[in-house]
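None of the figures in this text is laboratory data; all of them are computed from the coordinates on show. Computed from a predicted model, the values in this text were never measured in an experiment. Cβ placement follows ideal geometry from the backbone for every residue including glycine, while neighbour counts extend to all protein chains displayed.
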Amino acid sequence: MGKALSKANIEYIKQAITRGIPTATIAGNLGITPRCVQIYAKKLSDETIAYGSLKVQPMTETSYQNTLARLREARDLLREQMLIADPRNIAQIVKEYRTTCDDIEKLEAKQRERDEEAANDEIGAAIAKITAQASV
């Protein structure tokens, strides 16, 4: 990758990759090597993974449960991988495992807060009802 590609070329690579055009064809059209296209495609996929999650819908009860279930599944898979992984890869797996466990804890804490707020609202409504009946 001797020189940086222009924004137009990078955008072309992005569009072509999303349309499923082979890297050799993209490289031929731009006059660069297929490896260069692969490198930019990898960068773009990393950006999509990193920044694509910013466009998140508000979390509903169902999406919360789905997210929590997926995180727990990922945690279990990572735990299994730690047991069979090459010692050189264990540090990275442990890092991902800890991050996943932290995410699970955050989601569970948010759910506990929601449950407590709902319980407090119910108690407050019951007290208000009793107070209103007592004053009548």
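Quick notes on this structure:
- Simple Cβ-charge dipole of the stretch 58-136, Lys/Arg +1 and Asp/Glu -1, about Cα centre, in debye nearest 20: 200
- Positive dipole terminus of the stretch 58-136, leading residue within Ile84, Ile127, Leu71 (C-beta point charges): Ile84
- Restricting the trypsin sites (Lys or Arg not before Pro) of the stretch 82-114 to loop positions (DSSP other than H, G, I, E, B) with no more than 11 neighbouring Cβ atoms within 10 Å leaves Arg88.
- Mean projection area, nm², convex hull over Cα of the stretch 71-136: 5.0
- FRET E, pair Arg112, Ser45, Förster distance 25 Å, beta-carbon r, rounded to 0.05: 0.10
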